[in-house]
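The next block holds one structure in the form of structure tokens; read it before the comments.
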Amino acid sequence: MPKNYSIIQKDFFRESGEWLSPLQILLKCINPNLHFIYILRKAQKFEKTPLLGFYWKMVLRHFQIKYGFQIYPQTQIGEGLYLGHWGTLVINPKAVIGRNCNIAQGVTIGQQNRGKNEGFPVIGDDVWIGPNAVIVGSITIGNNVLIAPNSYVNIDVPSDSIVAGNKAKIYPTKNATEGYINNKV
């Protein structure tokens, strides 16, 4: 893969499996998920530019409310972000998310305010997060991890695992996300 593709092109590649021109990307923005990712990446790109940064933050705020995605420009998110469905999604701005991450609707990636895991999650590369999963605290999610729908995860999860349930139970699995994460960048 040539390295001159923008982060927006890499995000959109995850959806289509094709490298799109800037015009093709704008045409795909009819999809709320892709539209939000486009605006989020613009807000991240211009975060430290006073006028453009303010403009993109205001646009992002509007679409956070419209689409139900609560993701802020300060959130560190690797290339290849894929939001499977639109609807309530909350990600703490101090969370860190790796490359090729799929996040479904209803997911919360948040802060734990007390106890031994006080803090924010760090999520590795090639992670699939199912609908309504909750990931909280100063925990580390490894690479190649599938987090099953409706799971509550407040423990470290090693790479090459499936985690499911409330209380989270870890199942070591070599090909945990095979068939779940397509068009990796």
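Restrict the check to the range 79-89 and report whether at least one residue is of a type outside the set (Phe, Trp, Tyr), at pLDDT 95 or above, open to solvent by 50 Å² or more (accessible area, probe 1.4 Å) and closer than 20 Å to residue 17 by Cα.
Checked against the condition, which is being of a type outside the set (Phe, Trp, Tyr), at pLDDT 95 or above, open to solvent by 50 Å² or more (accessible area, probe 1.4 Å) and closer than 20 Å to residue 17 by Cα, the range 79-89 yields no hits at all.
Find the residue count for the range 98-136, including only residues that are touching a His at 6+ places or on another chain (Cβ under 9 Å) and free of Cβ contacts under 8 Å to residues at least 12 places away in the same chain.
Total satisfying the criteria: 0.
Only residues that are open to solvent by 10 Å² or more (accessible area, probe 1.4 Å), hydrophobic (A, V, I, L, M, F, W, C) and either assigned to a strand (DSSP E or B) or at pLDDT below 95 (or both): list them for the range 90-119, please.
Residues satisfying the conditions are 90, 96.
Identify the single condition in (1) under 27 Å from residue 39 (Cα atoms); (2) free of Cβ contacts under 8 Å to residues at least 24 places away in the same chain that residue 140 does not satisfy, given that it satisfies every other one.
Against the list (1) under 27 Å from residue 39 (Cα atoms); (2) free of Cβ contacts under 8 Å to residues at least 24 places away in the same chain, residue 140 comes up short only on (1).
Failed condition for residue 122, given (1) within 21 Å of residue 32 (Cβ to Cβ); (2) surrounded by 15 or more Cβ atoms within 10 Å (Cβ to Cβ), with all others met?
(1)
Return the total of residues in the range 155-183 being under 11 Å from residue 127 (Cα atoms), among the charged types (D, E, K, R) and either in contact (Cβ under 8 Å) with a residue 60 or more places away in the chain or surrounded by 13 or more Cβ atoms within 10 Å (Cβ to Cβ) (or both).
Here the count works out to 1.
Can you confirm whether residue 162 is hydrophobic (A, V, I, L, M, F, W, C), out of contact with any Ser or Thr (no Cβ under 7 Å at 6 or more places or on another chain) and not in a loop (DSSP other than H, G, I, E, B)?
Spelling it out, it is not the case that residue 162 is hydrophobic (A, V, I, L, M, F, W, C), out of contact with any Ser or Thr (no Cβ under 7 Å at 6 or more places or on another chain) and not in a loop (DSSP other than H, G, I, E, B).
Of everything in the range 69-78, what is open to solvent by 60 Å² or more (accessible area, probe 1.4 Å) and under 23 Å from residue 185 (Cβ atoms)? Give them in sequence order. Show your work before the answer.
To start, the set of residues in the range 69-78 that are open to solvent by 60 Å² or more (accessible area, probe 1.4 Å) comprises 70, 72, 74, 76.
Correct list: 72, 74, 76.
Considering only residues that are out of contact with any strand residue (DSSP E or B) (no Cβ under 8 Å at 6 or more places or on another chain) and either in a strand (DSSP E or B) or surrounded by fewer than 17 Cβ atoms within 10 Å (Cβ to Cβ) (or both), which ones fall in the range 125-154?
Once the filter is applied, which keeps residues that are out of contact with any strand residue (DSSP E or B) (no Cβ under 8 Å at 6 or more places or on another chain) and either in a strand (DSSP E or B) or surrounded by fewer than 17 Cβ atoms within 10 Å (Cβ to Cβ) (or both), the range 125-154 yields 131, 132, 149, 150.
The values are calculated or read from the model by the stated rules, or taken from the named source; none is laboratory data. Fair warning: this is a prediction, and the values are worked out from it, not measured in the lab. A quick note on method: Cβ atoms are made from the backbone with ideal geometry, for glycine too, and the neighbour counts reach across all protein chains shown. Surface accessibility is based on the protein's heavy atoms, side chains included, excluding ligands, DNA and RNA. Shrake-Rupley method; radii C 1.70, N 1.55, O 1.52, S 1.80 Å.
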